[in-house]
Structures are given as structure tokens and as C-alpha cells.
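Written below as C-alpha cells is the structure these notes are about.
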Amino acid sequence: MAIPTRAIAPVPAAPVNQTTKKVVFGSIEQPKGQRVLLYGTGGIGKTTLACQAPGPVAFIDADESLSILRGQLKEQNIKLPYPVNCSDWKSAREAVQSDGWDSIKTIVIDTATKLEELAVAHTLKTVKKEGGTMASSVEDYGYGKGYSFVFDTFLTILGDLDRHVRAGRNVILIAHDCTSNVPNPNGEDWIRYEPRLQSPNSGKASIRHRLKEWCDHVLFLGYDVAVDDGKAKGSGTRTLYTAERPTFMAKSRTTGENFDVVLGNEIWSNILK
């Protein structure tokens, strides 16, 4: 005998929320300040180049280089930046969080490499190990933990600097360089120049990679060198590179052009545009 079936009543559709708002499309905002990471070997002219950025320029001199370069900047008719005192991590953050920056167009931090050292010292003073004792080095926290603590500390000043970028000020972080191994999934690894900043092999807690993501421009300032039969040759000319190559990390949101760095060359107007 056939089993009678019962019709299943359709489930009523959920009532439409009459208060739902439609998406509102806006317009693309005009450019505000831009974030720059400028790196290269010591003595190549990173500080001098940063001092020529759109001014007035304020200079957080963590490396204490302005007093030495003062005479050279004057000889080259480069306007001296306004120095900002910075002795430790706390004073660096207090400086960028303070008011009174309205007349400043570009903030330079010389160097991000030194700033990282201040972040390490601050972390060791303020973050305890498991058990409540103080650490004497980043490695004392245990495998990978210390680098994560330093990474978290460093991120706080990027948030401080974002406020200046939104207000229309450029931020230039200068860094020293290093050679770093580049993992290559398609074949053999190789080495290239990168900013000398914390970057564990795991890729986690990498200040170097976070800054690359955060910045609008990662600029490599290098000497032009040719190698012939194992010997390096070159005229000592310097080039600012804005696009990545196998031998160095670089990027720019506004240009892929390279620039000869000689006195009188207009560079920043071609990048910060």
C-alpha cells in the first residue's frame, strides 16, 4: 500500500530590513604624506640625501650624525634640518606624539637600525620572562619569543608616524644595509642587499618585511660596481634604485626610474609626487 505523502509548506522568506543602507561610493583622496625607507652602506650619503627632502625637515638624530655633517651640509648649500632630541625609545615616541609639527613637511629618522636597538633595550627593560625575572638578551625569552616582543614594541612607533602621514607629512626612515639570504622555491637561494633590521629566518616578527609592506617607497642607494675577472671596478658614482632587482630589495608606488645622486639633481620631486 502506498504511503501517503504530506506536502511541506515553504519556509517564508526572511523580511527585508527596510533600514539597510546602500553602499556609498566616494572619491579617491588627494595624496597625503608618504612613507619612505632609504637604505645603503655607511657613508654613501643617505643622511645628506634625506636632508634634501621637501622641507622644512625635522630630524630625529638617533645616530647623532648631524653635528658631524653640519659643515658638509652648509658647504653644499643644503638647509639644515630641525634636530629633535632622542636618547631612548621613550623619548623617540614622546617626540613623534607631541604637538608642534604643523610647519614640518618631512620627518627623518636616522636611523631605523638605531631605532630598533632602542626598541630592543626598551623591551628588555619592560617585558619580563616567564617566572617574572628580567631578560638580559632577546634570546633569554625563549625560542622566538624575544623577537616577537621587539616586533610588537617597534610597531607602536609606526602607528605614531601614521598620524603624521595622515596630516600630510612625509616620513623617511634611514637604515644601514646588510646582505641577506633569499629563499628561492624555484631553485638555488641567493644573497642580496636588504635593510639591516630584525628578520628571523622563520619570517615571523620581521621588522624588515613589515617596513617594506608599510612604506610606499623602499629606496636602495648603492655604488655602481662592475666585476671583471673577480675584481670590482667602478667610478664611485652613486645611484638611487626604486625597483627591486635580484641584488637588492626596493620598490616605489610612483616610479620605476633610477636616479644618479649628484649635487643639484632633483630627486625627491620625482618620487614624492
Quick one: length gained pulling ASN184 to VAL23 fully straight, 0.36 nm per residue minus the C-alpha distance?
53.7 nm
Among HIS164, HIS122, HIS217: highest mean-square fluctuation, GNM of the chain, C-alpha pairs under 10 Å
HIS122
Leaving ligands, DNA and RNA out of it, rank LYS125, LYS251, LYS21 by accessible area with a 1.4 Å probe, largest first.
LYS21, LYS125, LYS251
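By accessible area of protein heavy atoms, probe 1.4 Å, what ranking do MET249, MET134 get, highest first? Show your work: numbers first, answer last.
Details: MET249 0, MET134 85 Å².
The ordering from most to least exposed comes out as MET134, MET249.
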Give me the accessible area per residue for the chain, probe 1.4 Å, as a whole number in Å².
60
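Which of the residue pairs LYS105/LYS273; LYS251/LYS273; LYS74/LYS251; LYS129/LYS212 have a Cα-Cα distance greater than 23 Å in the structure shown? Show your work: numbers first, answer last.
Working: LYS105/LYS273 13 Å; LYS251/LYS273 15 Å; LYS74/LYS251 31 Å; LYS129/LYS212 30 Å.
In this structure, LYS74/LYS251; LYS129/LYS212 lie more than 23 Å apart at Cα.
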To the nearest 10 Å², what's ASP99's accessible area with a 1.4 Å probe?
140
Positive-end residue, the stretch 23-174 charge dipole about Cα centroid, Cβ charges, pick of ILE174, GLY33, GLY45
GLY33
Where the accessible area of the chain is counted over protein heavy atoms with a 1.4 Å probe, how much of it, in %, is carbon and sulfur?
52
From most to least accessible, 1.4 Å probe, no ligand or DNA/RNA atoms counted, ARG253, ARG169, ARG238 line up as ARG253, ARG238, ARG169
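Send over the per residue convex hull volume for the stretch 132-179, Cα only, as a whole number of Å³.
Numbers: hull volume 5.9 nm³, N = 48.
So the per-residue Cα hull volume is 122 Å³.
Percent relative contact order of the chain, based on C-alpha pairs within less than 8 angstrom and at least six residues apart? Walk me through the numbers on the way to the answer.
Working: 428 pairs, mean separation 57.5, N = 273.
Averaging sequence separation for qualifying contacts and normalising by length gives 21 percent for the chain.
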Tell me, what is the 1.4 Å probe accessible area of LEU155, in Å² to the nearest 10?
60
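Quick check for me: using +1 on Lys/Arg Cβ and -1 on Asp/Glu Cβ, what's the dipole size of the stretch 97-153 about its Cα centre, in debye to the nearest 20? Intermediate values should be presented prior to the final figure.
On the way: 6 positive and 9 negative charges, 29 e Å.
Using Cβ point charges on Lys, Arg, Asp and Glu, the stretch 97-153 gives about 140 debye.
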Give the calculated FRET efficiency between ASN201 and VAL225 to the nearest 0.05, with a Förster radius of 22 Å applied to their Cβ-Cβ distance.
0.20
Nearest 10 degrees is fine. How inclined is helix 112-126 to the longest principal axis of the chain, computing both from alpha carbons?
60
Label model pair GLU244, GLU257: point-to-point distance (7 angstrom along the Cα→beta-carbon line) in nm is 2.3
What residues of the stretch 61-76 lie in the reach of a label at GLU94, counting those whose backbone N is under 20 Å from a point 7 Å from the Cα along Cα→Cβ?
61-64
A correct Stokes-Einstein calculation for the stretch 96-202, using the alpha-carbon Kirkwood radius, 20 °C and 1.002 mPa s, returns a whole-number D in µm² s⁻¹ of 132
Name the residues whose placed amide hydrogens come within less than 5 Å of the amide hydrogen of PHE248, ignoring near sequence neighbours (fewer than 5 apart) on the same chain.
TYR193
What is the distance, in nm, between label points placed 7 Å from the Cα along the Cα-to-Cβ direction at SER67 and at LYS105?
2.9
What size of dipole, in debye to the nearest 20, comes out for the stretch 55-124 about its Cα centre when the only charges are +1 on Lys and Arg C-beta atoms and -1 on Asp and Glu C-beta atoms?
220
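The values are calculated or read from the model by the stated rules, or taken from the named source; none is laboratory data. Nothing here was measured: the structure is a model prediction, and the numbers come from that model. So basically every Cβ, Gly included, is an ideal-geometry build from the backbone, and we count neighbours across all protein chains shown. Protein only, heavy atoms only, side chains kept; ligands, DNA and RNA dropped before computing areas. Shrake-Rupley method; radii C 1.70, N 1.55, O 1.52, S 1.80 Å.
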